[in-house]
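Worksheet: the structure to be examined is printed underneath.
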Amino acid sequence: MNEKISAVINSIKDAENILLTGHISPDGDNLGSMLALKLMMEQLGKKTTIIIDDSIPDCFTFLPNIEEVQQYEEGLTVDVDLIVVVDSSNLERIARVQELVTEQIVINIDHHEDNNLFGDYNLVAEVAATVELIYNIQQEMKEVELTSEIATVLATGLITDTGSFRYSNTTSLTHQIMAELLNYGVDPSLIAKHVLETNSYQNLILRGKVLQDLQVDSTGKIAWLKVSREMLEEVGAELEDTEGLVNYPRTLKGAEVGVLFKEVEEQEIRVGLRSNNYLKVNQVADLFGGGGHPRAAGCTINLKLEEVEKEVIRAIKEQLAKDK
Ligand code: AMP
Ligand code: MN
Ligand code: MN
């Protein structure tokens, strides 16, 4: 057995009370990883708690046991001897849940190349999704049965982090794991219906509005969209209704990079970055204190929307000169 996996398994077996957490703006990969671990640990008789510093997007409320994910509240305390952090390149990504990290042993399970190995045990590998690593752990735990619930949450992570097996992070191993999960009762059409093929009314209306104002630089390589507070108010939408928009600009013919700027507050802009073939968007995000993967990254910048737009597009142009 891979010694990093056996170290993780041993510390799980040695623990009694375990806290599971993951990054803010939760996605299918971190929710799937935490829920699968919880179900696996329960089979071992462990007491587990999941806490994240954010709410759960509607599209994931169908996941088995999702009601077990608690939202962090100021002053909350836990009595645990082990903390497992999933899908997060550094501890800052779990936001206020950091306040619960004191003397406990920390396990870091992740697939971001900029992971800073913050754990006492680090299971970090360049795979398409963190759920691949959770699947590897399950395969090595002889006492833990792969149930249809575990298979479903793992498959959701694979589907969301690979864009349904279309992104360049997809490997033959990703497909092999998915094939195996399908043998355990996963319904891929149900997952797809919830996470990919259901949009709120506000999302569709907002999409129309936002796409009308598509911006493109003079070379045609950078395309971007902006969602201001004003636009959200006009259609009665929430930030959550921007789901999926980040993927549009990079589909413009000839574009290499697509960007989505979201105005969370007047001086708090969330930037989503996507590239097609060669531009390392995580290096651009890193300049602004963010991170991610070479083809999908993000950051939050505390400036006005117009300033953020100018700064980020300028940084992308510089990165384009390096990566071309
Ligand atoms: P998103 O555009 O929010 O879907 O994020 C794309 C990728 O970038 C994901 O892998 C995130 O984990 C990562 N990411 C997004 N925002 C940040 C941030 N502020 N800091 C570090 N990584 C981020
Ligand atoms: Mn994630
Ligand atoms: Mn992930």
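Nothing in this text is a laboratory measurement; each read-out follows from the coordinates by a stated rule. For clarity, every value in this text was computed on a predicted model and none was experimentally measured. No Cβ is skipped: glycine too gets one built from the backbone with ideal geometry, and neighbour counts run over all protein chains shown.
Multiplying the residue separation of Ser168 and Glu126 by 0.36 nm and removing their Cα-Cα distance gives an extension gain of 13.9 nm. Taking all C-alpha pairs of the chain, those more than 38 Å from each other amount to 14 percent. 3J(HN,Hα) along the range 41-55, derived from phi through the Karplus expression 6.51 cos²θ - 1.76 cosθ + 1.60 where θ = phi - 60°, amounts to 5, 5, 5, 8, x, 8, 8, 10, 10, 10, 9, 10, 9, 6, 8 Hz, with x in place of Gly and Pro. Here the range 201-322 is treated with +1 on each Lys and Arg Cβ and -1 on each Asp and Glu Cβ, and its dipole about the Cα centre works out to around 800 debye. Under a Gaussian network description of the chain, with springs only between Cα atoms under 10 Å, the residue in Leu76, Leu260, Leu239 that fluctuates furthest is Leu76.
I need the Debye-formula profile for the range 209-323: one equal scatterer per C-alpha, no solvent, reported as log10 I(q)/I(0) at q = 0.16, 0.23 1/Å, two decimals. Taking Cα atoms of the range 209-323 as identical point scatterers yields -0.66, -1.37. Computed per residue of the chain from DSSP H runs no shorter than four, each worth -39500 (n - 2.57), the mean residue ellipticity at 222 nm is -11000 deg cm²/dmol.
Length gained on full extension, Val78 to Glu113, computed as 0.36 nm times the residue gap minus the Cα-Cα distance: 9.6 nm. About its Cα centre, the chain has a charge dipole of approximately 1420 debye under the convention of +1 per Lys or Arg Cβ and -1 per Asp or Glu Cβ, with nothing else charged.
Between Glu238 and Met1, full extension at 0.36 nm per residue minus the direct alpha carbon distance yields a gain of 80.7 nm. Phi-derived couplings, Karplus 6.51 cos²θ - 1.76 cosθ + 1.60 at θ = phi - 60°, listed residue by residue for the range 116-127: 8, 6, 6, x, 6, 10, 10, 10, 10, 8, 7, 10 Hz, with x used for Gly and Pro. How charged is the neighbourhood of Glu73? Take every other residue with its Cβ under 13 Å from the Cβ of Glu73, and add Lys/Arg as +1 and Asp/Glu as -1. So the environment of Glu73 carries a net charge of -3. Taking amide H as placed 1.01 Å from N in the peptide plane, Lys226 has its amide H under 5 Å from the amide H of Phe261, each at least 5 places away in sequence or on another chain.
Looking at the range 2-195, the pairs of alpha carbons with a distance over 20 Å make up 50% of the total. Any chance you could check the Cα centroid distance between the range 187-234 and the range 1-45 for me, in angstrom? Between the Cα centre of the range 187-234 and that of the range 1-45, the gap is 33 Å. Remark: Thr174, Thr198 ranked as Thr198, Thr174, counting other beta-carbon atoms within 10 Å and listing the fewest first. Here the contact order of the range 201-322, divided by its residue count and restricted to Cα pairs under 8 Å and six or more residues apart, works out to 19 percent. Which FRET efficiency, nearest 0.05, do Glu311 and Phe62 yield, Cβ-Cβ r, R0 51 Å? E between Glu311 and Phe62, to the nearest 0.05, is 0.85. Computed from phi, the 3J(HN,Hα) profile of the range 318-324 under the Karplus parametrisation 6.51, -1.76, 1.60 (θ = phi - 60°) reads 5, 5, 4, 5, 7, 8, 4 Hz, with x in place of Gly and Pro.
For Asp110, the residues whose modelled amide H falls within less than 5 Å of its own, excluding neighbours fewer than 5 places apart on the same chain, are Asp87, Leu123, Val124, Ala125.
Across the chain, the mean sequence separation of Cα contacts (distance under 8 Å, 6 or more residues apart), normalised by length, yields a relative contact order of 12 percent. Among the GluC sites (Glu not before Pro) within the range 148-231, those in coil by DSSP and having at most 10 neighbouring Cβ atoms inside 10 Å are Glu197. Between the C-alpha center of the range 280-301 and that of the range 49-115 there is a gap of 21 Å.
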